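Below: one structure, written as C-alpha cells.
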Amino acid sequence: MSAQPCDPHPERSPKMGLGGLILLLALGSVLLTMANTLYSSYRVQRDLLIRSTLEANRVYAAKLAESTEIHIDSTMQQLAYSARLLAANMDMPARVGEEAERLRLQTKSLNSVAIVRLDGKVLAVSPTALRLAGSSVKTDWGLALLANRMPAISEPFMSATGRLIIFISHPIINAKGDLLGYVGGSIYLNAKNLLHTILDNHYYRDSSYVYVVDRAGTAIFHPEDSRVGTSMVENDVVRAVTGGEAGARQIRNQYGVDMLAGYAPVKSTGWGIVAQKSTETTLADLDDLLLVTFGKSVPFMLLSLVFIWWFSRSISRPLGQLADHARMVATPIGMERIEKIQGWYVEADRLKKALLRGMSLTSSKLDKLSHETVTDALTGLRNRRGLGDALNLYQLRGQSFAVITLDVDHFKSINDRHGHDVGDQMLRHIAGLMRAGSRDGDIAGRSGGEEFVILLPGTTAQNAFHIAERLREAVARTPNPTGAVITISLGVAHYPSSAEDVGEVLKKSDIALYQAKRNGRNNTVPYQGELDCLVNPC
C-alpha cells in the first residue's frame, strides 16, 4: 500500500476564499459605479441650484429696486404736490403747519417733515416734538437746498436730533417763478417707515437677507442695525451695484461666509439693492436629496448583486460562520454552533477541527480563570477589574451607558456596632438587591469597601436615575442583617453626556455621590457640570 503525500502545512488556509474575492469584486464595482454616479449627479445639481439661486436673487433684487424706485417717485410726487399748495400759503403759519402734518401722516413714507423759507428759517416741523420750528438752517447741505431749484436726495447724515437719516426735498416755487424755500422729509435709517417695510418684508425667511447701500457704498438699510451707516465699499458686489451694474455673483462676505448675491441699482437715487443667501443653506436641501437618491438606488444595486451573492455564498458561508462564532470559542454555545457548521470542503473542515480541539483543551481553564479574576469574592459581583473590562468593551463599541455609584450610609457604624461579620452580610444583602433590580445586560460590581457600581448599557441618564431611586427605596424598606433601617446614597452619570472619556464617567458619578452625601444621605443625585466645583474650586 503506497504512502499518501504529506501536506507540510495541513492547517494553513488562505485569508480570503474565492467566494469572498468574487463578492468583493462585485461589491467594489457596483459601489464605485454608484459613487461616481451620485457624485456626478451631485455636482450637476449643485451647479444648477447655485445658478438658479443666483438668478432668483438677481430677479428679486431687481424687483425690490423697482419697488423702491416707485416709492421714491411717489414720495417726490407728494412733496411736489405739497410744494404747489405751499407756494400760495407760505405766509399762513397755520396752513403751513397743517400741510407738514398731513404730508407726514398721509402715507407714513416719511418719519418727519420740514418746511423751510428761503431765508433759512424753519416754518413748520412734523412731528412737533422735534421742536425745530423757528430755528434756522445752518448745515452746508441745507443751505445748498435754498439755492437749488431741483428736487434732491441727500446722502446719509446725522441729524440735529442724533438720528441717521436721508433727507428728500422739493423746491417751493410760486406762480411767478420765484424760489420761496423747500419742503422736505426725512427717512430714519434705523426706524420703521414705508421704505423699511418694503425692504424688510421680503419673501425669503431662511438665511437670505436684503441690504441697501447709497451711491458711496454706505449701508442705509441692513437687517443688522449696527451695520447701518457703515461703509461696505470693499465688497465686490457693492462696488458693482454702486457703479450702476445689475447682475448676480458668488462671493465671500467680510466674515468669510460664501454667499450667493443678486444686485440691482435704484437709478433715480444711485442706491444699490443686494439680495443674498448663504451657499451652505442653499445646498442643504441638495444633501437631503442626495440621501433620498441613494436610498432609491440601493434596491437596484442589491438586485444586481443577488446572483453573484448567491453563487459566492455557498463557497464563503462555512468560513463566514466560523469567523462569526470564533469569538465565542471558549463558551459552550460557541462550541455547539461551530459543531453544526458544515465544512464541506477541505479548508473549512480543517479550520473547524482546529477550533474544536482548541476549545476542548482551554475552555475549562479559561472559564475558571476568567471567573476568579473578575469576581468579588465576598459579594459575587464583578470586582474592579471586571468593571474595567466592561468599560473597555463599551469604549471599543462606542456604546453609550449610564453609571450608578452607590455607598452604604454610615457603614463604619454598622461594623462598629454589629461587627465585621454582620458588615459582610450587609454587603452581600446589598449585592442581592442590586442583582434583583438589574436587567439583562446590566453589570453590577463592587469597586471597594462599601462602594458599589452598576453599569447600564444603552440607558439614558433619566432612566438610570429612576433605576437608582428604585434601588434606594428597596434598600430602605427591605429587612437586612442589622435589623435596623439602612440607607444608601447614589450618584448617576452618563456617557457621553456627562463626560466624553469613558474613564471620566466613573469620576463624575463619584462627584454626584459626594454631593448626595452632602445633601444628607439617602438620596440620588444626577451629575451636573457645576458639581465639579465641589471638588475643584471654580
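Annotations for the structure displayed:
- Residues located in the stretch 444-485, provided they are within 34 Å of the chain's Cα centre (by Cα) and part of a strand (DSSP E or B): ILE454, LEU455, LEU456, PRO457
- Filter result for the condition that a residue is open to solvent by 30 Å² or more (accessible area, probe 1.4 Å), free of Cβ contacts under 8 Å to residues at least 24 places away in the same chain and more than 26 Å from ALA219 (Cα to Cα), over ASP178, ASP140: ASP178
- Flag if SER413 is out of contact with any Cys (no Cβ under 9 Å at 6 or more places or on another chain) and at pLDDT below 90: no
- Residues located in the stretch 468-500, provided they are more than 30 Å from ASP421 (Cβ to Cβ), open to solvent by 60 Å² or more (accessible area, probe 1.4 Å) and touching a helix residue (DSSP H, G or I) at 6+ places or on another chain (Cβ under 9 Å): PRO496, SER497
- Apart from one condition, ALA464 fits all of (1) touching a helix residue (DSSP H, G or I) at 6+ places or on another chain (Cβ under 8 Å); (2) open to solvent by less than 40 Å² (accessible area, probe 1.4 Å); the exception is (1).
- Residue count, the stretch 241-268 (criterion: under 26 Å from ALA152 (Cβ atoms) and either surrounded by fewer than 19 Cβ atoms within 10 Å (Cβ to Cβ) or aromatic (Phe, Trp, Tyr) (or both)): 7
- Where a residue in the stretch 16-35 is over 17 Å from LEU290 (Cα atoms) and its partner, wherever it lies, is modelled with pLDDT of 70 or more and of a type in the set (Phe, Trp, Tyr), with Cβ under 8 Å and at least six apart: LEU23/TRP309; ALA26/TRP309
- Of all residues in the stretch 149-170, those satisfying the criterion of being open to solvent by 50 Å² or more (accessible area, probe 1.4 Å) and either charged (D, E, K, R) or modelled with pLDDT of 80 or more (or both) are ARG149, MET150, PRO151, GLU155, ARG163.
- Answer from LEU105, LEU110, LEU132 - the residue that is modelled with pLDDT under 90, in a loop (DSSP other than H, G, I, E, B) and under 14 Å from ILE187 (Cα atoms): LEU110
- Scanning the stretch 501-514 for residues that are surrounded by fewer than 19 Cβ atoms within 10 Å (Cβ to Cβ) and either among the acidic types (Asp, Glu) or at pLDDT 90 or above (or both) turns up ASP501, GLU504, LYS507, TYR514.
- If you go through the stretch 265-303 and keep only what is among the β-branched types (Val, Ile, Thr), within 23 Å of LEU48 (Cβ to Cβ) and part of a helix (DSSP H, G or I), you end up with THR279, THR281, THR282, VAL292, THR293.
- Screening LEU38 against (1) closer than 30 Å to MET301 by Cα; (2) loosely packed, with under 13 Cβ neighbours inside 10 Å leaves a single unmet condition, (2).
- Screening LEU79 on (1) closer than 21 Å to LEU180 by Cβ; (2) open to solvent by 40 Å² or more (accessible area, probe 1.4 Å); (3) assigned to a helix (DSSP H, G or I) shows it passes everything except condition (2).
- Scanning the stretch 9-32 finds one or more residues that are closer than 30 Å to THR279 by Cβ, modelled with pLDDT under 85 and open to solvent by 50 Å² or more (accessible area, probe 1.4 Å).
- Considering only residues in the stretch 214-246 that are over 11 Å from GLY272 (Cβ atoms) and touching a residue at least 40 places away in the same chain (Cβ under 8 Å), the one that is farthest from the chain's Cα centre (by Cα) turns out to be GLY229.
- Hits in the stretch 426-448 - residues which are touching a helix residue (DSSP H, G or I) at 6+ places or on another chain (Cβ under 9 Å), farther than 16 Å from ALA468 by Cβ and at pLDDT 90 or above: MET426, LEU427, HIS429, ARG446
Yes or no, residue by residue, for (1) at pLDDT 75 or above; (2) open to solvent by 80 Å² or more (accessible area, probe 1.4 Å); (3) under 25 Å from VAL213 (Cα atoms); (4) touching a Ser or Thr at 6+ places or on another chain (Cβ under 7 Å):
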| residue | (1), (2), (3), (4) |
| --- | --- |
| GLY272 | yes, no, yes, yes |
| LEU302 | no, yes, no, no |
| VAL306 | yes, no, no, no |
| PRO318 | no, no, no, no |
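- Residues satisfying the stated conditions in the stretch 215-244, i.e. at pLDDT 85 or above, assigned to a loop (DSSP other than H, G, I, E, B) and touching a helix residue (DSSP H, G or I) at 6+ places or on another chain (Cβ under 8 Å): ARG215, ALA216, GLY217, MET232, VAL233
The values are calculated or read from the model by the stated rules, or taken from the named source; none is laboratory data. Only a predicted model underlies this, so the values are computations on that prediction, with no experimental measurement involved. Neighbour counts run over all protein chains shown; Cβ positions are idealised from the backbone, glycine included. Please note that ligands, DNA and RNA were not included when accessible areas were found on the heavy atoms of the full protein model with its side chains. Shrake-Rupley method; radii C 1.70, N 1.55, O 1.52, S 1.80 Å.
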